[in-house]
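The values are calculated or read from the model by the stated rules, or taken from the named source; none is laboratory data. Given the structure is predicted, the values throughout are model-derived calculations rather than measurements. Glycine also receives a Cβ, built like all others from the backbone with ideal geometry; neighbour counts cover every protein chain displayed.
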Amino acid sequence: METQMNSRETTLEALKASMWSTRIAIVYHSGRGHTRRQAEAVKAGVEQVEGAEALLLTVEEAQTCWDDLASADAIIFGTPTRFGNMAAQMRNFLDQTGSLWVKGALVGKVASVFASTGTQHGGQETTITSFHHTLMHQGMIIVGLPYSFAGLTRMDQISGGTPYGATTLASADGSRQPTENELEGARFQGRHVAEIAARLQRGAGERGPALKEMQNPTETIGGTAGQR
């Protein structure tokens with residue numbers, strides 16, 4: 001009898017933990033490893049929040065995990081910068097999220113972005129803010145990196161970091177690695193997103209599929225399929 005009760009209590013505890021877990025997907029593209037290091041720091045920040053789980057995915061892996069993205073409470077995206085915009089690999093991935101858009105699968109979920117550039121003035125802020133356009137079309141709630149992260153105001157060193165999201169500088173040849181201040185910003189962002197997502201665990205706002213008259217094969221399939 002005692003064994004059965006202990007087993008039942010263990011099962012109930014496991015069920016309770018699964019019901020209250022906050023799932024955060026981190027989707028990134030990295031060419032020389034800088035964005036990957038940021039993504040790992042973001043993951044570490046997420047896991048500092050009690051009950052939060054982080055799923056780290058490259059854009060290639062994410063394209064086979066649509067259900068994981070739809071069931072996540074938040075998605076944090078990481079991309080290198082290309083001429084002030086996201087990398088083509090990330091753009092290609094986002095262009096394939098039409099099936100999620102049609103279902104309204106991401107409406108009311110938290111979204112955040114971090115980035116890497118080759119130079120100090122390489123378009124960090126424009127990359128992140130232009131990324132937000134797609135996230136708003138998906139109906140997501142955008143979260144940045146607030147000034148409660150003190151590292152944003154440091155003036156004693158060259159450092160990435162914006163109120164729109166964590167950033168790092170790689171240099172043109174990729175020789176510069178993320179600094180501790182930049183990685184701490186990424187950890188802060190991961191923790192910040194997880195805390196907000198936990199409060200909105202069931203999502204927020206009016207959810208549901210797109211209107212039928214707005215749907216078309218291109219949006220359902222993604223990319224340029226069906227276009228002439």
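Numbers below:
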quantity: Segment 174-198, subset closer than 23 Å to residue 73 by Cβ and either modelled with pLDDT under 70 or out of contact with any strand residue (DSSP E or B) (no Cβ under 9 Å at 6 or more places or on another chain) (or both), residue surrounded by the most Cβ atoms within 10 Å (Cβ to Cβ); calculated: 188
quantity: Odd one out for residue 17, checked against (1) modelled with pLDDT of 95 or more; (2) more than 30 Å from residue 123 (Cβ to Cβ); (3) of a type outside the set (S, T, N, Q); (4) out of contact with any strand residue (DSSP E or B) (no Cβ under 6 Å at 6 or more places or on another chain); calculated: (1)
quantity: Leading residue by the ranking (nearest to residue 159 (Cα to Cα)) among those in segment 93-126 that are assigned to a helix (DSSP H, G or I), touching a residue at least 60 places away in the same chain (Cβ under 8 Å) and hydrophobic (A, V, I, L, M, F, W, C); calculated: 93
quantity: Residues satisfying the stated conditions in segment 102-119, i.e. under 22 Å from residue 86 (Cα atoms) and surrounded by fewer than 18 Cβ atoms within 10 Å (Cβ to Cβ); calculated: 119
quantity: Within segment 163-173, considering residues that are touching a residue at least 24 places away in the same chain (Cβ under 8 Å) and either touching a Pro at 6+ places or on another chain (Cβ under 8 Å) or hydroxyl-bearing (Ser, Thr, Tyr) (or both), the one surrounded by the fewest Cβ atoms within 10 Å (Cβ to Cβ); calculated: 171
quantity: Filtered residues of segment 134-162 (kept if of a type outside the set (Phe, Trp, Tyr), under 17 Å from residue 195 (Cα atoms) and surrounded by fewer than 18 Cβ atoms within 10 Å (Cβ to Cβ)); calculated: 142, 146, 148
quantity: One residue from 79, 134, 129 being at pLDDT 95 or above, outside any loop (DSSP other than H, G, I, E, B) and touching a Ser or Thr at 6+ places or on another chain (Cβ under 7 Å); calculated: 79
quantity: Residue in segment 35-51 that is among the aliphatic types (A, V, I, L, M), modelled with pLDDT of 95 or more, within 14 Å of the chain's Cα centre (by Cα) and more than 20 Å from residue 185 (Cβ to Cβ) present; calculated: no
quantity: Top-ranked residue of segment 120-133 - restricted to ones that are more than 17 Å from residue 176 (Cβ to Cβ) and over 13 Å from the mean Cα position of the chain (by Cα), ranked as surrounded by the fewest Cβ atoms within 10 Å (Cβ to Cβ); calculated: 133
quantity: Criterion: among the β-branched types (Val, Ile, Thr), over 25 Å from residue 194 (Cα atoms) and in contact with a strand residue (DSSP E or B) (Cβ under 8 Å, 6 or more places away or on another chain) - qualifying residue of 126, 119, 79; calculated: 119
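Residue-wise test of (1) closer than 13 Å to residue 197 by Cα; (2) crowded, with 16+ Cβ neighbours inside 10 Å.
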position	(1), (2)
34	no, yes
50	yes, no
61	no, no
72	yes, yes
